[in-house]
Every structure is written in structure tokens, then in C-alpha cells.
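Some notes on the structure that comes next.
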Amino acid sequence: MTINHANRRAGEDRRPDLALVVRPGLMSAFHELLQRGVTVQAPIGSTVQVFLCESLRLDPQYVEGTIQTIFLNGKAVDDPASAVLTDHATIALSAAMPGLLGATLRKGSYYAGMRGEISHREREKVSPHEGKVLLKLFNLLPADIGPMIFEKGVWVNGADLKAFFERQRPRFMEGCREARLDGKNVDVAELPLQDWPGRDVFLRVVKE
């Protein structure tokens, strides 16, 4: 599969831009990036529900039935249709977690009163504009929706990406079929040698 760079937004910083085509078995290696957090575009001033269903293009039934725990800036969200995104917010998503803790953190939970200090409550109005948020996925979600998110493209801290490639070097040598940096083919073996200090890298990953 060939990667098309045409869908980057005009006017955005296009450097550095890394595109990978990988074998399906290599996608699980990227789960750790999703758990650490990747930056994605988001409609600031809209709700978490709009972000999930329109920006990430998740099925509303999937959001309702599978994404059971939502944290916005460290606060548990009970109603994603009313929680408003701020620029550079952190959104953490998880499928259902076991036990009382999982039941307590679940959106709209009967036990929500037990977590009063960590429940999200709207405090400010935000002017609508395009911005970015830090997205974290846990539990079953990296495998479920991670490939779709990486195909759209994410920003990853350069130092984190370099360390990731260093740890995953043996798997990448076997499973990465194509690597393009700023539109030019690069040897997969060179990825751990790339250095992006203090910069975010726009990363897209697709399965062959």
C-alpha cells in the first residue's frame, strides 16, 4: 500500500513527516504510544461526543457500548455530550474495567457519587476553533481503534518516538515494509538513528 500525503492540512508544519507501511502483526507494537498519549486534531469548543463520533469517526453505538470510561484532564466524564474540549486537553479512554473501581469510574455510573473530587464539571466557555488534544487509549481500545487513528495521522514527541524505535528495532526490521520521511524513502534500519529533539513528528501508519 502506498501512502498518500495529500490529506495534510494546508499551512501546517510539514516537517518532520514520517509515514510507515507495516505488516498487520506489527500494529500491536504501537499500542505503547497510544497508552503514553498521541496528539490529534480536535474541534476545540465542541463536546467530547462530537470529537469521538465526528473527528475520530467512531460509531455512536461503539462510544456508548464499548468506551465505558472517559477522563478529560484527569476528571471522569459522565456525559460526553456535555463535556467541552479545551485546547491541549488530555482525553483518556478505556473499555470497561473490572471490579468496584471500574464500576465507579464508568460514565453515568450508579457509584459516580463516590468519585466527586475527580468528576468532570464544566467550568468555562470555549470559542470554537481547530486545535489539538492529547489522546490516550487503554484496555481493548488500542487494538480496536488504534489502526484507524494512526492511519489518519498523529503527532508524537520526537524523543519518545526515537526511544520507541530503539526498543522495537528487531520487530521493525522484520515488519516494516516501507518508510518515508518528508516524502522520501528511508531505510527502516535508520529510524532509530533519527533525532528529533524538542520536536513533534507527524506519524502515519497503515497496514499493507
| said: Exactly one of these conditions fails for GLY45: (1) farther than 20 Å from GLY175 by Cβ; (2) open to solvent by 50 Å² or more (accessible area, probe 1.4 Å). Give me its number. | reply: (2)
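Per-residue answers, yes or no, for (1) modelled with pLDDT of 95 or more; (2) in a loop (DSSP other than H, G, I, E, B); (3) open to solvent by 30 Å² or more (accessible area, probe 1.4 Å); (4) in contact with a Lys or Arg (Cβ under 9 Å, 6 or more places away or on another chain):
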{"position": "GLU12", "(1), (2), (3), (4)": "no, yes, yes, no"}
{"position": "LEU20", "(1), (2), (3), (4)": "yes, no, no, yes"}
{"position": "GLY25", "(1), (2), (3), (4)": "no, no, yes, yes"}
{"position": "PHE30", "(1), (2), (3), (4)": "yes, no, no, no"}
{"position": "LEU33", "(1), (2), (3), (4)": "yes, no, no, no"}
{"position": "VAL40", "(1), (2), (3), (4)": "yes, no, no, yes"}
{"position": "PHE51", "(1), (2), (3), (4)": "yes, no, no, no"}
{"position": "LEU58", "(1), (2), (3), (4)": "yes, yes, no, no"}
| Extreme residue, modelled with the lowest pLDDT, among residues of the stretch 103-159 that are of a type in the set (Lys, Arg) and part of a helix (DSSP H, G or I) | ARG115
| said: Every residue in the stretch 19-56 that is free of Cβ contacts under 8 Å to residues at least 24 places away in the same chain and touching an Asp or Glu at 6+ places or on another chain (Cβ under 8 Å), please. | reply: CYS53
| request: Give the stretch 71-89 a look and list any residue that's under 9 Å from VAL48 (Cα atoms) and either open to solvent by 50 Å² or more (accessible area, probe 1.4 Å) or in a strand (DSSP E or B) (or both), or say none. | output: LEU72, ASP79, ALA81, SER82, VAL84
| the stretch 190-205: number of residues that are under 19 Å from PHE150 (Cα atoms), within 20 Å of the chain's Cα centre (by Cα) and not in a strand (DSSP E or B) | 1
| request: Return yes when PHE150 is closer than 17 Å to SER28 by Cα, open to solvent by less than 20 Å² (accessible area, probe 1.4 Å) and free of Cβ contacts under 8 Å to residues at least 60 places away in the same chain and no when it is not. | output: no
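The values are calculated or read from the model by the stated rules, or taken from the named source; none is laboratory data. Since the model is a prediction, treat every value here as computed from it, not as a measurement. Don't worry about glycine lacking a Cβ; one is built from the backbone with ideal geometry, like all the others, and counts go over all protein chains shown. Surface areas here come from the heavy atoms of the whole protein model, side chains and all, with no ligands, DNA or RNA. Shrake-Rupley method; radii C 1.70, N 1.55, O 1.52, S 1.80 Å.
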